[in-house]
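Please read the structure below before turning to the comments.
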């Protein structure tokens, strides 16, 4: 049953991903990308990464794609027309994608370490881990047999990578300021 | 039986689709969406490797932290990129990459 679900969501992710490239209308592309990201989030959840899967839906399928749709509607973009000069890039793109896929298949064919089934989670063993000894909220969850994904994620982020977290926060601030500066109209331009 | 290679193959094909889109499409917005798809494909590789590497019985959360940071950076990148696209549209009245050829030799 899990393998059926894997094939189902992998197919959704890839088919709608192809839809993004093939759709002529940018709105259709954006909607395909939303569905593709939902499939991808399901794949994340199938890998027991519940927090990342939720984040994928909230940030990508939610915020980022809404931003894309806003811009598409703001700019009032018409569907792309097939022009004569478009043939070479399409041939090049398909060729590059085929080459890359061939390369991935060749590498994976020789990658014996990847040819193992999903290892079972050993929650009882994790509850004994010394670095979690002072975290009763996490060890209790582990002993009760459920994976406290978000708690472990938060522990890693704030215990092992606090500086990185602050740098990313600063990056978001810089991004916000950058967007405001970029989208501000030049005063001289308005007078002209 | 689903193995690590299955997940890596899906990620690889998704990346290839995004690559084809970036090269073949002429609409900057679609190119940008395909870029996002390629980023997500890389994330899938990371998460798959985390789940198949369980030294203490639970997935390796360091790699999932990297995915968290990637998603954050991608969100910032989308915001700035779309602002640039809007500025470009104001200047050229078009979102086709063919309208921006000033740097072409």
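A few comments on the model shown:
- So residue B:48, is it facing chain A (nearest Cβ under 7 Å), over 25 Å from residue A:30 (Cβ atoms), part of a helix (DSSP H, G or I) and in contact with a helix residue (DSSP H, G or I) (Cβ under 8 Å, 6 or more places away or on another chain): yes
- Checked against the criteria, residue A:59 does not count as exposed (fewer than 13 other Cβ atoms within 10 Å of the Cβ), at pLDDT 90 or above and within 26 Å of the chain's Cα centre (by Cα).
- Residue match in the range A:12-23 (condition: outside any helix (DSSP H, G or I) and either buried (at least 17 other Cβ atoms within 10 Å of the Cβ) or more than 10 Å from chain B (Cβ to nearest Cβ) (or both)): yes
- Test for residue A:36: is it in a helix (DSSP H, G or I), without any contact (Cβ under 8 Å) to a residue 60 or more places away in the chain and touching a helix residue (DSSP H, G or I) at 6+ places or on another chain (Cβ under 7 Å): yes
- Looking at B:48, B:20, just one residue is at pLDDT 90 or above, crowded, with 22+ Cβ neighbours inside 10 Å and over 15 Å from the mean Cα position of the chain (by Cα), and that residue is B:48.
- Given (1) crowded, with 21+ Cβ neighbours inside 10 Å; (2) within 19 Å of residue B:96 (Cβ to Cβ); (3) more than 7 Å from chain A (Cβ to nearest Cβ), index of the condition residue B:30 fails: (3)
- When residues of the range A:111-162 are limited to those that are in a helix (DSSP H, G or I), more than 9 Å from chain B (Cβ to nearest Cβ) and in contact (Cβ under 8 Å) with a residue 12 or more places away in the chain, the one nearest to residue B:5 (Cα to Cα): A:150
- Scope the range B:69-90; condition at the interface with chain A (Cβ under 7 Å from one of its Cβ atoms) and more than 30 Å from residue A:76 (Cβ to Cβ); matching residues: B:69, B:72
- Against the numbered list (1) surrounded by fewer than 17 Cβ atoms within 10 Å (Cβ to Cβ); (2) not in a helix (DSSP H, G or I), residue B:62 comes up short only at (2).
- Within the span defined as the range B:73-95, one or more residues are in contact (Cβ under 8 Å) with a residue 12 or more places away in the chain and within 19 Å of residue A:52 (Cβ to Cβ).
- Any hit, the range A:116-139, residues being under 30 Å from residue B:19 (Cα atoms) and either in contact with a strand residue (DSSP E or B) (Cβ under 7 Å, 6 or more places away or on another chain) or modelled with pLDDT of 90 or more (or both): yes
- Test: residue A:171 is out of contact with any helix residue (DSSP H, G or I) (no Cβ under 6 Å at 6 or more places or on another chain) and outside any loop (DSSP other than H, G, I, E, B): no
The values are calculated or read from the model by the stated rules, or taken from the named source; none is laboratory data. Computed from a prediction, not measured in an experiment: that's the story for all the values here. Don't worry about glycine lacking a Cβ; one is built from the backbone with ideal geometry, like all the others, and counts go over all protein chains shown.
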